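The values are calculated or read from the model by the stated rules, or taken from the named source; none is laboratory data. Remember, it's a predicted structure, so these values are computed and weren't measured experimentally. Virtual Cβ from ideal backbone geometry, glycine too; neighbours counted across all protein chains shown.
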Amino acid sequence: FELGLEKPDPKRALQSAVTIAASYIAGGLVPLIPYMFIPKASEAVVTSVGVTLLALLFFGYVKGRFTGNKPFRSALETTLIGAIASAAAFGMARA
């Protein structure tokens, strides 16, 4: 199968879809949670950036552990890519 991965089991399609959907929802909530608890948007945005960067560091580290890569390098790469993507999206939204 592609990239040396095993072919997905069609019987698990629903479970895979639910897992991916839950992951997107959970990941999307990470930057939004500060806005739910901090009434002032200018303060919430700073907290949101910090929480998101910490989450990216954490998930990058975990990804590195699971994939056999260097966890700290994986954490930094994930955080850097996420930060660049976020900055690009923010810049496009402001334009």
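Remarks
- Residue 11 being among the basic types (Lys, Arg), loosely packed, with under 13 Cβ neighbours inside 10 Å and not in a helix (DSSP H, G or I): no
- The combined condition, being farther than 17 Å from residue 83 by Cα, among the aliphatic types (A, V, I, L, M) and free of Cβ contacts under 8 Å to residues at least 24 places away in the same chain, is fulfilled by residue 5.
- Taken together, the residues in the range 68-84 that are over 11 Å from residue 58 (Cα atoms), of a type outside the set (D, E, K, R) and touching a helix residue (DSSP H, G or I) at 6+ places or on another chain (Cβ under 8 Å) amount to 3.
- Annotation: residue 3 fulfils all but one of (1) modelled with pLDDT under 95; (2) loosely packed, with under 10 Cβ neighbours inside 10 Å; (3) not in a helix (DSSP H, G or I); the unmet one is (3).
- Tabulated pairs, the range 58-79, first buried (at least 16 other Cβ atoms within 10 Å of the Cβ), second aromatic (Phe, Trp, Tyr), C-beta under 8 angstrom, 6+ apart or interchain: 61/72; 64/72; 71/61; 74/61; 75/58; 75/61; 78/59
- Scanning the range 14-43 for residues that are closer than 17 Å to residue 83 by Cα, among the aliphatic types (A, V, I, L, M) and part of a helix (DSSP H, G or I) yields a single hit, 29.
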